[in-house]
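Engineer: Structure provided below as structure tokens; questions to follow.
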Amino acid sequence: MVPIQQDSWLCLILLLGLLGMVISLHAPPGSLTWAQWLEIQHINMAYPQRNAAMQVVNRYRMVCKDRNTFLHKTFAYVAGICNIPNVTCSQPGKTNCHNSSVQVPITYCNLTRNAMNYTNCRYQQTWTQKSLPVRTDPPKTVPGTLWFQFTWIRSS
């Protein structure tokens, strides 16, 4: 199915509306929206050094996250993947999967030293480039609003 302009705008508006963003199994802490949590955990590379970048992620839960992936693309780029034609999903029963049209630079951070104080956690990083698979599920009605599920399909 080829998206029409109206559908593309709806997808982008809903994604940028920051309502009901899903990127992991954990809810965002405090008053953060799913989109803010996505940017903090996976897109915010204001701190290119791995330990500093992970301190930003860890300070919200005050524990050392065992691993994390940072995408070196903007939020708008990731949301725009929903406008790329559908591909077959790797997860049975799931639809509306999309792959980025180009490989995306990615940094993987793996915990090498856990600590009681999250500021003392230490990480090892590796870099790669991969096609970025995402799934966009149809909008669902929530009283008074619409939300759109956006799932970044992480490969191991």
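The values are calculated or read from the model by the stated rules, or taken from the named source; none is laboratory data. Everything quoted here is computed from the prediction, not taken from an experiment. Using ideal geometry, Cβ is built from the backbone for each residue, glycine included, and neighbour counts are taken over all protein chains shown. Just the protein is used for accessible areas: all its heavy atoms, side chains included, with ligands, DNA and RNA removed. Shrake-Rupley method; radii C 1.70, N 1.55, O 1.52, S 1.80 Å.
Engineer: Would you mind telling me which numbered condition in (1) outside any strand (DSSP E or B); (2) modelled with pLDDT under 80 Leu146 fails?
Structural biologist: Unmet for Leu146, out of (1) outside any strand (DSSP E or B); (2) modelled with pLDDT under 80: (1).
Engineer: Only one of these conditions is not met by Cys89: (1) of a type outside the set (A, V, I, L, M); (2) in a strand (DSSP E or B); (3) touching a residue at least 40 places away in the same chain (Cβ under 8 Å). Which number is it?
Structural biologist: Here Cys89 meets the rest and fails (2).
Engineer: Within the bounds of the range 127-139, is there any residue that is modelled with pLDDT under 90, crowded, with 18+ Cβ neighbours inside 10 Å, among the β-branched types (Val, Ile, Thr) and under 23 Å from Phe75 (Cβ atoms)?
Structural biologist: yes
Engineer: Tell me yes or no: at least one residue of the range 7-25 is modelled with pLDDT of 75 or more, open to solvent by less than 80 Å² (accessible area, probe 1.4 Å) and closer than 24 Å to Ser100 by Cα.
Structural biologist: No: zero hits.
Engineer: Could you please find all residues in the range 49-83 being surrounded by 15 or more Cβ atoms within 10 Å (Cβ to Cβ) and part of a loop (DSSP other than H, G, I, E, B)?
Structural biologist: Across the range 49-83, the qualifying residues are Tyr60, Cys64, Lys65, Lys73.
Engineer: Separate question: Looking at (1) touching a residue at least 40 places away in the same chain (Cβ under 8 Å); (2) open to solvent by less than 80 Å² (accessible area, probe 1.4 Å); (3) more than 19 Å from Ile40 (Cα to Cα); (4) not aliphatic (A, V, I, L, M), can you tell me which one Thr119 breaks?
Structural biologist: Answer for Thr119: the failing condition is (3).
Engineer: Another question, then. Just to verify a result, which residue in the range 92-116, among those that are within 18 Å of Arg67 (Cβ to Cβ) and not in a strand (DSSP E or B), is least open to solvent (accessible area, probe 1.4 Å)?
Structural biologist: Step by step, filter the range 92-116, then rank; the result is Ala115.
Engineer: Within the range 40-76, restricting attention to residues that are touching a Leu at 6+ places or on another chain (Cβ under 9 Å) and either free of Cβ contacts under 8 Å to residues at least 12 places away in the same chain or among the aliphatic types (A, V, I, L, M) (or both), which residue is nearest to Gln103 (Cα to Cα)?
Structural biologist: Among residues in the range 40-76 that are touching a Leu at 6+ places or on another chain (Cβ under 9 Å) and either free of Cβ contacts under 8 Å to residues at least 12 places away in the same chain or among the aliphatic types (A, V, I, L, M) (or both), the one nearest to Gln103 (Cα to Cα) is Leu71.
Engineer: Please specify each residue of the range 29-48 satisfying the condition of being part of a loop (DSSP other than H, G, I, E, B) and at negative phi.
Structural biologist: If the condition is that a residue be part of a loop (DSSP other than H, G, I, E, B) and at negative phi, then Pro29, Ser31, Leu32, Thr33, Asn44, Met45, Ala46, Tyr47, Pro48 are the ones that fit.
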